[in-house]
1. Under a 5 Å amide H to amide H cut-off, with H placed in plane at 1.01 Å, what residues pair with residue 69 once short-range neighbours are removed?
2. Using the beta-carbon distance between residue 111 and residue 31 and R0 = 41 Å, what value does 1/(1 + (r/R0)^6) give for FRET efficiency, to the nearest 0.05?
3. Give the angle, between 0 and 90 degrees and rounded to the nearest 10, that separates the Cα long axis of helix 171-189 from the longest principal axis of the Cα atoms of the chain.
4. If each DSSP helix of 4+ residues adds -39,500 (n - 2.57) and the sum is divided by the residues in the chain, what number results at 222 nm, nearest 500 deg cm²/dmol?
5. Averaging over every viewing direction, what projected area does the convex hull of the Cα atoms of the chain cover, in nm²?
6. What spacing in nm lies between the two simple spin-label points modelled at residue 77 and residue 40, each 7 Å away from Cα in the Cβ direction?
7. How far apart, in nanometres, would the label points at residue 15 and residue 62 be if each is projected 7 angstrom from Cα along the Cα-to-Cβ direction?
8. Hey, what's the per residue convex hull volume over the C-alpha atoms of segment 125-185, in cubic angstrom?
Amino acid sequence: MTTTDDPLLAEQVYQRLQERVLRGTIAPGSALSVPRLASELGVSRSPVREAVQQLIAVGLAVHVPYAGARVRALDAQLVDDVFELRESLDQLAARRATARMNSAEIDELDRVLDEARRESEEGGDPAAMAAWDVRFHALLRDHAGSEPLTGALMRLEALGHLISADMWAAPENSALAIAEHEGIIAAVRRGDAVGAGELAAAHVRSLAVRRRRVHAN
């Protein structure tokens with residue numbers, strides 16, 4: 001069966017591989033062998049090959065000449081670059097979205113945050129906590145009304161998730177992030193575009209600081 005015959009299978013394989021990468025089950029620098037992964041997942045090579053290409057497209061994997069695809073290895077410069085870009089672009093997205101979102105759309109931000117609160121109260125699975133943060137900012141991104149901005153942030157989101165995933169294991173980090181998102185929602189709801197942008201940028205700076213603390217221990 002090819003991915004053309006069953007695009008849903010290709011997407012399912014991609015989601016499973018993405019989860020493994022983001023959880024660290026497939027560690028940074030690890031080879032993404034299509035035959036091996038196809039055997040492990042019990043599918044043909046075609047959907048795995050397409051899934052690996054998607055991982056490369058979103059920045060979670062890289063193609064190494066003569067060696068095939070590997071999970072992207074993290075280095076200090078990459079981490080700094082991702083946070084610097086996210087700070088600027090998340091600020092822009094929040095500012096633009098505030099001017100465009102209606103009450104129902106803002107309510108959706110609240111629902112995502114409610115999910116985060118429930119997850120945190122239940123123990124806060126790190127991957128789940130990282131995923132809600134991505135969903136929250138994706139909503140702001142999607143309502144910003146800028147295709148170039150959307151494209152840039154979609155690529156950064158996956159890398160940001162990979163970089164920050166282990167930070168969410170600490171309950172205090174989840175609590176701080178939830179409080180920061182509450183501030184962003186409040187600014188969006190009152191129509192304070194500048195304030196929402198500044199709070200979004202401050203949130204990214206705080207994520208960077210919390211990640212450094214985790215990796216310093």
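1. Under 5 Å from the amide H of residue 69 lie the amide H atoms of 32, 64, each far enough along the sequence or on another chain.
2. Details: r = 39 Å, r/R0 = 0.96.
That gives a FRET efficiency of 0.55.
3. With rounding to tens, the tilt is 60 degrees.
4. On the way: 9 runs with 158 residues, N = 217.
Value at 222 nm, helices only: -24500 deg cm²/dmol.
5. Values: hull surface 51.5 nm².
Here the figure is 12.9 nm², rounded to one decimal.
6. Modelled inter-label distance: 3.0 nm.
7. Placing both labels 7 Å along Cα→Cβ, they lie 3.0 nm apart.
8. Values: hull volume 4.1 nm³, N = 61.
Cα convex hull per residue, to the nearest whole number: 68 Å³.
Read-outs: derived from the displayed coordinates by stated rules, not from any lab. Worth saying up front: this structure is predicted, and the values here are computed from it rather than measured. Glycine also receives a Cβ, built like all others from the backbone with ideal geometry; neighbour counts cover every protein chain displayed.
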